[in-house]
Amino acid sequence: METPSPVDLAADRDPLPEIYRLRAECHRLDAPEEPFATEQVWRGVVLHPPALVTRLHWVVEGGAGEGGYAGLSWIRGAAGASVEICVAPSRRRRGLGRALLETVAVHARTLGCARLVGRHAGPSGAAFAAAVGATPGNSQIVSVLTLPPRGDARPVPGYRLCSWITRAPDDLVESYARARNAISDAPHTEGADEPRWTVETVRDFEEALVLRGRRQRVTVALDAAGEVAGYTELRVSPDTGAVAGVDDTAVVAAHRGRGLATWIKRESLRLLAADRPDVALVTTANDASNAAILAVNRALGFRPVSTWTDAVLRL
């Protein structure tokens, strides 16, 4: 049995292309209709995490992508961490997945983690999760929209929209940070931790996206007092024909039930279509039990393409 080894990101031989090919192969098997992030986008995630996020990586060498990979992502201070495990189809059922998981678990414990949260979209992943003792969590539906969005804008009385690219305006960043915490009461798997948003967190994530070469596009709804009542964040690369992705959409509890999410999200997508006519596809992922945001997606023209289920392993 091969022993997983840490990925040396400073090695003379770049390890990321081979790992990416393995991840892409596994993704195609589990979610063939779902667009997969390009190697350049994933490379940015690996090399430029936000300051409060720790990312670690291990491989079991196999040559030509015929091995295994594990990645750990931990938000500083969180009780849980996210884990990704991929094993080449030809090397499965030989203990590689367990060896990678055990290695991740050892390091997660040193960070103070009490649980690991992974996900799967196919029968092989579900079987592995059950075999190692993980319990099922919530499911997320990934949907795809072909621009432009469906329907016409329906402004909500008492609110106005504001949009920016890359950096939140200084006069709105505190209110925006407070509003971002509205995502914490959206349906999610217990133990799947979100960062606590502050001005420092906002700036940290903005800087990480700049380093990755990703363009962050934010649209917010402001109430009569100028406070952010809801927001949506969309990310896209500068490459021609890039696939854009909606990261988060949320409305502060006191402002829900008025149609803000649909208005905000439609305006964000309208601006993207106008500014980037080369971008045809937009993805979004939402909890399968979040009926409200799934209805918003349907109204805009998103169609479901895959379902991923969380798996929680207590350490």
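Derivation of every value follows stated rules applied to the coordinates shown; laboratory data play no part. A quick note: this is a predicted structure, and the numbers were derived from the prediction, not measured. Methodologically, a virtual Cβ is constructed for each residue, glycine included, from the backbone with ideal geometry; neighbour enumeration extends over all protein chains shown.
Listing for the model above:
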quantity: Shape parameters for the chain, alpha-carbon atoms, Rg then Dmax in Å; calculated: 19.8, 64
quantity: For region 5-133, alpha-carbon Rg over 2.2 N^0.38 Å; calculated: 1.02
quantity: Isolated Cys in the chain, by beta carbon distance under 4.7 Å; calculated: 113, 162
quantity: Calculated P(r) tail over 21 Å for region 144-308, as whole % of Cα pairs; calculated: 45
quantity: Relative contact order of region 181-286, defined on C-alpha pairs under 8 angstrom at six or more residues apart (%); calculated: 24
quantity: Value of [θ]222 nm, deg cm²/dmol, for the chain, DSSP H segments ≥ 4, -39500 (n - 2.57) each, nearest 500; calculated: -9500 deg cm²/dmol
quantity: Mean Cα-pair separation over length for region 5-133, i.e. relative contact order, pairs under 8 Å, 6 or more apart, %; calculated: 22
quantity: The chain - percent relative contact order, Cα under 8 Å, separation 6 or more; calculated: 23
quantity: Set of region 297-315 residues, backbone N closer than 15 Å to the point 7 Å along the Cα-Cβ line of residue 154; calculated: 297-301
quantity: Order by protection proxy (mean Cβ within 10 Å, highest first), peptides 154-166, 90-102; calculated: 90-102, 154-166
quantity: Euclidean distance of C-alpha centroids, region 36-90 and region 187-240, integer Å; calculated: 22
quantity: Under the span-like rule (Cα at least 18 Å along the axis, Kyte-Doolittle mean at least -0.5), DSSP H helices of the chain; calculated: 96-110, 199-212, 260-275
quantity: Pairwise centroid distance, computed over Cα atoms, of region 1-21 with region 260-291, Å; calculated: 35
quantity: Sites residue 314 and residue 93 - FRET efficiency at Förster radius 22 Å, r taken between beta-carbons, to 0.05; calculated: 0.35
quantity: Sequence ranges 28-37, 172-181, 291-300, ranked by mean other-Cβ count within 10 angstrom, highest first; calculated: 172-181, 291-300, 28-37
quantity: Stretchable slack from residue 224 to residue 114, in nm (0.36 nm times residue separation minus alpha-carbon distance); calculated: 35.3 nm
